[in-house]
1. So, in segment 313-335, how many residues would count as being touching a residue at least 24 places away in the same chain (Cβ under 8 Å) and over 18 Å from residue 49 (Cβ atoms)?
2. Output the number of residues of segment 238-271 satisfying the condition of being farther than 30 Å from residue 170 by Cα and surrounded by fewer than 23 Cβ atoms within 10 Å (Cβ to Cβ).
3. Only residues that are within 14 Å of residue 111 (Cα to Cα) and either buried (at least 24 other Cβ atoms within 10 Å of the Cβ) or more than 19 Å from the chain's Cα centre (by Cα) (or both): list them for segment 133-164, please.
4. Would you kindly identify the helices (runs of 4 or more DSSP H) lying entirely within segment 2-89 that contain at least 2 residues that are crowded, with 24+ Cβ neighbours inside 10 Å and in contact (Cβ under 8 Å) with a residue 40 or more places away in the chain?
5. Looking at (1) in a loop (DSSP other than H, G, I, E, B); (2) more than 26 Å from residue 29 (Cα to Cα); (3) modelled with pLDDT under 95, find the lone condition where residue 94 falls short.
6. With in contact with a strand residue (DSSP E or B) (Cβ under 6 Å, 6 or more places away or on another chain) and within 17 Å of residue 297 (Cα to Cα) as the only criterion, which of 215, 221 stands out?
7. Please determine whether any residue of segment 212-226 is surrounded by fewer than 19 Cβ atoms within 10 Å (Cβ to Cβ), at pLDDT below 95 and closer than 23 Å to residue 108 by Cα.
8. If residue 338 satisfies every condition in (1) more than 30 Å from residue 147 (Cβ to Cβ); (2) free of Cβ contacts under 8 Å to residues at least 60 places away in the same chain; (3) not in a helix (DSSP H, G or I) but one, which is the exception?
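The values are calculated or read from the model by the stated rules, or taken from the named source; none is laboratory data. As the structure is a computational prediction, the values presented were derived from the model and not from experiment. Cβ placement follows ideal geometry from the backbone for every residue including glycine, while neighbour counts extend to all protein chains displayed.
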């Protein structure tokens, strides 16, 4: 799918212990890359990084992206060709609990990555993963475009909008010449897939309730999000990274990666219950009081037309794949890893 760009390349993935980062590391390993991971420890023993034994498959370094000295030592030692920066504080509700950590991790962490890259000759391509929530959300009924205004009412969204400003600043100030690194940002929606156990995310919350045979509590049933299966945006990130490596500045800048369709929270939970074969939905009489967008949708015309990327799955298929990946009781780490690889191989055939 990516013209063998990643084969035998040294690829650094920050946030490799996280949900998206671990899946990306598996895919890169399958593509023949020498994968270097840099991240804090995984959150739980059920996280994807742990259950598939990824630590034995790649080179992982424990580290904090806020520590620029530690980052630089890793770059100096491994001299990566391509960077995927995914390490972040990625939860909206957590950003209300600790806004300082959210801003320091997301904003200064990104600054540290770009500043180290500025002084490393080996790096040719960088994809910084932000979020669809970086846009100033005006509750519009159309998809946000890459040229739309950035913003964010909650600390998480604001921190990611700030990341985008930082990226653009480095592009204009330091990476604007042909012999400098090519940098792009990737803005994707709400990602679902096996191995995600973060708090206050819809799929992990649903799985926890289903396992306990408890009702799934929904606080904002009519909120709409661009949910998409994990391999959809990852294929976009990889396509973008390959184009940056081969063709350079032509692909620098911001890119949206979204699903074919959107669905309400209530609709998603009903789909999950149907696919799982049991469960009950309960609408809370205490909706979430923290500021979160009600309607969010991305315009992916740029990725369709200029990158040649497009989503392959509808929401029903995405939920089906996701739930299957949570049913791993009794499997060894090697078996789970191979299961993940098989899903990647099957996705590539669609």
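1. Qualifying residue count, segment 313-335: 11.
2. 10
3. Result: 159, 160, 163.
4. Hits in segment 2-89: 19-30, 48-51.
5. (1)
6. From the options 215, 221, the qualifying one is 221.
7. no
8. (3)
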